[in-house]
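The values are calculated or read from the model by the stated rules, or taken from the named source; none is laboratory data. Please read all numbers here as calculations on a predicted model, not as lab measurements. Neighbour counts run over all protein chains shown; Cβ positions are idealised from the backbone, glycine included.
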Amino acid sequence: MTKLAKVFAVVVLLTLPTPQLTAQWAPLATDANAQNRIQWWKDARVGLFIHWGVYSILGRGEWVQWAEQIPTTEYAKLMAQFRPEHLSADKWAETAKDAGMKYVVLTARHHDGFALFDDPGSDFTAVKSAAHHDLVADYVKAVRSAGLGVGLYYSPLDWRFPGFFLPDLYMDSAIALREQYRRQISELATHYGKLNILWFDGGGNEWLGFGGVQFNGRWYARPADQPYTGKFDWQDDQVVGQLREKQPNIVINDRTDAPADFRSREGDGALGKFDNQTPWELCTTIVEGAWGYQAGVKVKPLDRILRLLIGAAGRDGNFLLNVGPRPDGEIDQSQAERLHELGDWLKRNGESIYGTRGGPWLPGEYGVSTHRGNYVYVHVLKIPDSGTLVLPTLPTRVVKVTDLDGNSVSYSQDDKNTALKVPPAGADTVDTIIKLELAEPWNTSAVVPVKSENTRFP
Ligand code: GLC
């Protein structure tokens, strides 16, 4: 090992297992069809993310190969154990539907390179594993027939190719990886009928600066202060362009350099700011742990998940909640129960989420608001001590105020303020929803700022 390589190895070992990925800021698509194709997705509001692959067998998350520096040849042996005996794609689709999800996104291939679909050009696929089956085909069929949007996650990044990280040193490998990327996206775009979402992760030229490589059984990293400065190009525009030719209405996120339909925000901490100009989605895990299966991790409380979902809708974003099924394909009971509870909440309160836009009142200490047509839904996440929420008056008359069951709620409206007497928290303590009927529809993206402390009855 050269002196420099030793330094790299030490850097890698010190920083494992929490590699920082470079932020992606792909341009947004501005073509004539862009507004049209994203509309159903914005209305859908809630989706189920599924991380599942050979890493699930080890039960230590989807980054296990990287984190534990498992040599590629060793890792590939997991294929022989990949027998998803209890996998029922129909059951996944039913679970998603029952949870109130409107679309599903499955990891067709993660950073480890294992494809759940049939790629005749690769030896590392579900078809060539002990499963002997194209699992993406089953999944697509099941999700489609459940009437849900069909999404596939795909990572152009593949840890098996040193060229991904160090194309200057491993140009042949970089070219081979680019060919794999082009070929696999073409396979997915061609053989599975209509796809609704391609959820990329780990694409884009920025990622060349990420810097890490598996070589001779050890992992090395490019020093952070020496980003790649060469000319190699992953040609995202071409690959995504071909994908869009075959799937003209597919929507894609911003983790390649090609024009994207929506932006990804990742993790509970990334809920971020209100934005009704750029379609966006918050993705996060249902458990306190990795995206891929981890034995014995805690499931997040329902309240926390609901706050994220409601917080996203009120900021005009979507919510993509991830489960990591067991290696046999089954979703852990505790996660399945939480999904069911979420679905139960959405059954009762979904009219304030599905097909709504965030606002007009901006998020504040009180909570958030959503609206559709003549209705505004105020999601009170923190009931003021006085029991009355005071919001700045909208430039439209309020004609009626009720809860979601139609019981009236006292209110008053003057030129400055609209005061709502918040009903006592019922079963849904996390979110007391007040429904305002306006004299005219709120058909604008205009928003009204809210003073957090403004909670007095006039
Ligand atoms: C990250 C991780 C990954 C996960 C993804 C989900 O980029 O690399 O494991 O699939 O985020 O957003």
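Inside the range 1-73, counting only helices (runs of 4 or more DSSP H) that do not spill past its ends, which hold 1 or more residues that are modelled with pLDDT of 95 or more, away from the ligand (no atom under 12 Å from the Cβ) and assigned by TED's automatic domain parsing to the domain that holds ASP261? First the steps, then the outcome.
Working: elements: 3-15, 34-44, 55-58, 64-67.
Here the list reads 34-44, 55-58.
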Notebook entry, point to check: Does ARG397 satisfy the criteria of being of a type in the set (D, E, K, R), in contact with a His (Cβ under 7 Å, 6 or more places away or on another chain) and modelled with pLDDT of 95 or more?
Noted result: no
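Scan the range 314-328 residue by residue and report those that are closer than 30 Å to GLN39 by Cβ and within 14 Å of the ligand (Cβ to nearest atom).
Looking only at the range 314-328, we keep the residues that are closer than 30 Å to GLN39 by Cβ, and these are 314-323.
If the condition is that a residue be closer than 30 Å to GLN39 by Cβ and within 14 Å of the ligand (Cβ to nearest atom), then ASN318, PHE319, LEU320, LEU321, ASN322, VAL323 are the ones that fit.
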Margin query: Pairs please, first residue from the range 168-187 and closer than 15 Å to ALA108 by Cβ and at pLDDT 95 or above, second anywhere and of a type in the set (Lys, Arg) and loosely packed, with under 15 Cβ neighbours inside 10 Å, Cβ atoms under 9 Å, 6+ apart in sequence or on different chains.
Written below: SER186/LYS246
Margin query: Show the residue pairs meeting these rules: Cβ distance below 7 Å; 6+ apart or different chains; first residue within the range 227-242 and within 11 Å of PRO259 (Cα to Cα); second residue polar (S, T, N, Q).
Written below: ASP236/THR256; VAL240/THR256
Note to self: Show the residue pairs meeting these rules: Cβ distance below 8 Å; 6+ apart or different chains; first residue within the range 375-401 and free of Cβ contacts under 8 Å to residues at least 24 places away in the same chain; second residue assigned to a strand (DSSP E or B) and surrounded by 20 or more Cβ atoms within 10 Å (Cβ to Cβ).
What the structure shows: LYS382/GLY367
Checklist line | Selection within the range 279-299 - out of contact with any strand residue (DSSP E or B) (no Cβ under 6 Å at 6 or more places or on another chain) and more than 13 Å from the ligand (Cβ to nearest atom) | finding: PRO279, GLU288, ALA295, GLY296, LYS298
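Yes or no: ASP119 charged (D, E, K, R), within 16 Å of the ligand (Cβ to nearest atom) and farther than 30 Å from LEU306 by Cβ?
no
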Notebook entry, point to check: Inside the range 91-126, can you point out the residues that are in a helix (DSSP H, G or I) and touching a Ser or Thr at 6+ places or on another chain (Cβ under 8 Å)?
Noted result: ALA93
Notebook entry, point to check: Taking the condition touching an Asp or Glu at 6+ places or on another chain (Cβ under 9 Å), among the polar types (S, T, N, Q) and either modelled with pLDDT of 95 or more or within 16 Å of the ligand (Cβ to nearest atom) (or both), does THR95 pass?
Noted result: no
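Which one of GLY350, GLY355, GLY373 is surrounded by fewer than 19 Cβ atoms within 10 Å (Cβ to Cβ), closer than 21 Å to GLY406 by Cα and touching a Lys or Arg at 6+ places or on another chain (Cβ under 8 Å)? Break it down into steps so the answer makes sense when it comes.
Numbers: GLY350 fails: touching a Lys or Arg at 6+ places or on another chain (Cβ under 8 Å); GLY373 fails: touching a Lys or Arg at 6+ places or on another chain (Cβ under 8 Å).
None of the others qualify; the one that does is GLY355.
On the given criteria, is ASP98 within 22 Å of LEU308 (Cα to Cα) and touching a Phe, Trp or Tyr at 6+ places or on another chain (Cβ under 7 Å)?
Spelling it out, it is not the case that ASP98 is within 22 Å of LEU308 (Cα to Cα) and touching a Phe, Trp or Tyr at 6+ places or on another chain (Cβ under 7 Å).
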Margin query: Being closer than 22 Å to GLU365 by Cα and in a strand (DSSP E or B) is the filter here; which residues of the range 395-422 pass it?
Written below: VAL401, THR402, TYR411, SER412, GLN413, ASN417, THR418, ALA419, LEU420, LYS421
Next item on the list: Would you be able to say whether some residue in the range 150-162 is assigned by TED's automatic domain parsing to the domain that holds GLU74, away from the ligand (no atom under 16 Å from the Cβ), touching a residue at least 40 places away in the same chain (Cβ under 8 Å) and closer than 26 Å to LYS42 by Cα?
Entry: yes
Next item on the list: Have a look at THR429, THR370, THR444, THR455 and point out the one that is under 30 Å from GLU341 (Cα atoms) and at pLDDT below 95.
Entry: THR429
Check: Is it fair to say ALA131 is under 19 Å from TYR153 (Cβ atoms), within 22 Å of the chain's Cα centre (by Cα) and either assigned by TED's automatic domain parsing to the domain that holds LYS298 or within 16 Å of the ligand (Cβ to nearest atom) (or both)?
Finding: no
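Could you please find all residues in the range 335-379 being closer than 30 Å to ALA295 by Cβ and either out of contact with any Gly (no Cβ under 7 Å at 6 or more places or on another chain) or not aliphatic (A, V, I, L, M) (or both)? Break it down into steps so the answer makes sense when it comes.
So the first thing to find is which residues in the range 335-379 are closer than 30 Å to ALA295 by Cβ, and the list is 335-346.
Within the range 335-379, GLN335, ALA336, GLU337, ARG338, LEU339, HIS340, GLU341, GLY343, ASP344, TRP345 meet the criteria.
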Item checked: Among the residues listed as THR73, THR30, the single one being β-branched (Val, Ile, Thr), without any contact (Cβ under 8 Å) to a residue 12 or more places away in the chain, surrounded by fewer than 22 Cβ atoms within 10 Å (Cβ to Cβ) and over 28 Å from LEU342 (Cβ atoms) -> THR73
